[in-house]
2 protein chains.
Amino acid sequence: MESQDIDRTLGLLWRRTLGTPQGSRGPKQRATIDEVVRAAIAVADEEGLPAFSMRKVADRLGLKLMSIYTYVPGRSELIGLMVDEVAGEQELPPHKGPLRQRMTRVAEQLWDEFHRHPWLLQVENSRPWIGPNISDRYEWQLAAIEGAGFTDLQMDQVVTLLSGFTAGMARASVDARRTAERSGISDAEWWEINAPVLERVMPADAYPVSGRVGQAAGAEYNAIGDPERTFRFGLDRILDGLEQFLTVADTGDHR
Amino acid sequence: MESQDIDRTLGLLWRRTLGTPQGSRGPKQRATIDEVVRAAIAVADEEGLPAFSMRKVADRLGLKLMSIYTYVPGRSELIGLMVDEVAGEQELPPHKGPLRQRMTRVAEQLWDEFHRHPWLLQVENSRPWIGPNISDRYEWQLAAIEGAGFTDLQMDQVVTLLSGFTAGMARASVDARRTAERSGISDAEWWEINAPVLERVMPADAYPVSGRVGQAAGAEYNAIGDPERTFRFGLDRILDGLEQFLTVADTGDHR
DNA sequence: CCTAACTCCGTATGCCTTACGGAAATGGTC
DNA sequence: GACCATTTCCGTAAGGCATACGGAGTTAGG
């Protein structure tokens, strides 16, 4: 990655603040950066990130492949723009109500976003771009727990805890949904093929606990698991733990 | 995906149980499936999953590209074999000690595995393969909390909670490490390029809470965050929440 | 000894990103 | 009004990828 690309991408991320630096000479662009980003998001929404390609973005805009590179430096930078863009879709209303409700909203908001744009879970962000919507949301997430009794350091850890957990559960949920919708071989067919081998290879007594638990899960919901319910269960436990942490800190056990 | 590929891959996964069905006619294979899987893991360990290719696996074994396809049906099936293989690296010792310690070990084991094989976090498992090592580990994870007072359904949810959370935190940790080791542009250079733009675009008063929290984090550790410490903090809160759940259930408040 | 079955692999197809350079359009400047 | 620097759009090509197909050579069962 070239340093000028970093500069350029930052400029694109903050384009609403910085304005679009239009060199005035040449022909007008036939599309706008916003259209490119929106088209890219549409492609990713429909086909997922592995099938997302520069060509498909170009096709959707009636442009030819290489023209896209006059709008964005490359594929990974475009994905950075997409991530910040969808982070701006949700409102960040002023926080009110008790702490637990606020934290719940933080988690739920991410949960919804991951389900609206499942490809977010496939983004490699070894060097995350710092864009306006990401920044606003982080500020909003921290504000949700401001004044609750956490230290500054702990505030960051709490937000990371909620985000990380939610991402993990959303991944399971989205994978399950993808599996159900999978073209090619249906879920039923897949199990039909798996069953004879697995029965042969997994005798009943080899997996006593998993066998029992799997049966309970299969009886309760009609699938391997119910991701939404698992998300709720885990979130409740985490919130319990956080509240307890604040109580204990309050009575002086925790510095 | 063809149904015969599913069958074949299941056979490969459970090859130690089922034995290797050797058609006896033709020439002997020059390598073994285990060698292929081990070579593939080595490639992924060194270069990550995006750079992982069938050609590199072949090169490492002194075979030509297309020969790999006589061992495994394709790339995604090979990855399935790799996942199960590394799941078998860790011992699953009998559980002892208090519940909290047992659950900690479950989380720590995954934490370690993700750090030993960071590419695990990049695997798309919309249809997860059920292999022997995955199955054994799941049984072991459930056994860790067997008899603690959870219902069968809740046992699955607890394991999912611990796994999902750990994966989320490990992702942050691994990404941070990758960033630090990134070739091309160093972390320092990256911030040097970012800083002037961000200062211009993020005035001090626009992000009061993030600004304060970011400063606290920067002062405490020398980076954006300390993933290991965040993992510990979150895990402790989760374990608190789970213990509290059991206590409350015990006194009859929860059905 | 013959031949079915199997391994190894060369070739080709059709994706992908992106470097490079050319043609055409546009607006500022003389 | 003419010129030209700048910019857009895009054709081409290089180099990567997975994998379908078929051929050559090897092996063991009949």
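The values are calculated or read from the model by the stated rules, or taken from the named source; none is laboratory data. Fair warning: this is a prediction, and the values are worked out from it, not measured in the lab. All Cβ positions, glycine included, derive from the backbone under ideal geometry; neighbour counts span all protein chains shown.
Structural remarks
- Test: residue in the range B:69-86 that is within 25 Å of the chain's Cα centre (by Cα), loosely packed, with under 13 Cβ neighbours inside 10 Å, more than 16 Å from DNA strand C (Cβ to nearest atom) and outside any loop (DSSP other than H, G, I, E, B): no
- Here B:R137 does not fit the description of being in contact with a helix residue (DSSP H, G or I) (Cβ under 7 Å, 6 or more places away or on another chain), modelled with pLDDT under 90 and among the basic types (K, R).
- Within the range B:39-63, the residues that satisfy the criterion of being more than 10 Å from DNA strand D (Cβ to nearest atom) and over 22 Å from the mean Cα position of the chain (by Cα) are B:R60, B:L61, B:G62, B:L63.
- Condition check for B:Q29: more than 10 Å from DNA strand D (Cβ to nearest atom), surrounded by fewer than 16 Cβ atoms within 10 Å (Cβ to Cβ) and touching a residue at least 12 places away in the same chain (Cβ under 8 Å): yes
- Restricting the first member to the range B:151-166 and to residues that are at the interface with chain A (Cβ under 7 Å from one of its Cβ atoms), and the second to residues that are in a helix (DSSP H, G or I) and hydroxyl-bearing (S, T, Y), the beta-carbon pairs closer than 6 Å and six or more apart or on different chains are B:Q157/A:T230; B:T160/A:T230.
- Residue that is of a type outside the set (V, I, T) and touching a Pro at 6+ places or on another chain (Cβ under 8 Å), where the choices are A:R137, A:R178: A:R178
- Pairs, first on the phi < 0 side of the Ramachandran plot in the range A:59-88, second aromatic (F, W, Y) and away from DNA strand D (no atom under 14 Å from the Cβ), C-beta under 6 Å, six or more apart: A:G80/A:W129
- Conditions (1) free of Cβ contacts under 8 Å to residues at least 24 places away in the same chain; (2) surrounded by 17 or more Cβ atoms within 10 Å (Cβ to Cβ); number of the one not met by B:D112: (2)
- Residues that are part of a helix (DSSP H, G or I), within 14 Å of B:N194 (Cα to Cα) and at pLDDT 85 or above within the range A:1-23 comprise A:D5, A:I6, A:D7, A:R8, A:T9, A:L10, A:G11, A:L12, A:L13, listed in sequence order.
- Answer from B:R60, B:R105 - the residue that is within 16 Å of DNA strand C (Cβ to nearest atom), over 22 Å from A:R171 (Cα atoms) and out of contact with any Phe, Trp or Tyr (no Cβ under 8 Å at 6 or more places or on another chain): B:R60
- Whichever residue in the range B:216-229 is over 15 Å from A:L161 (Cα atoms), more than 8 Å from chain A (Cβ to nearest Cβ) and modelled with pLDDT of 80 or more and, among such residues, is surrounded by the most Cβ atoms within 10 Å (Cβ to Cβ): B:G218
- Residue check for A:M66: among the hydrophobic types (A, V, I, L, M, F, W, C), over 30 Å from A:F245 (Cα atoms) and either surrounded by 17 or more Cβ atoms within 10 Å (Cβ to Cβ) or touching a Phe, Trp or Tyr at 6+ places or on another chain (Cβ under 9 Å) (or both): no
- Checking B:W129 against (1) in a helix (DSSP H, G or I); (2) more than 9 Å from chain A (Cβ to nearest Cβ); (3) not charged (D, E, K, R), the condition it does not meet: (1)
- Flag if A:A188 is touching a Pro at 6+ places or on another chain (Cβ under 6 Å) and either among the polar types (S, T, N, Q) or at pLDDT below 95 (or both): no
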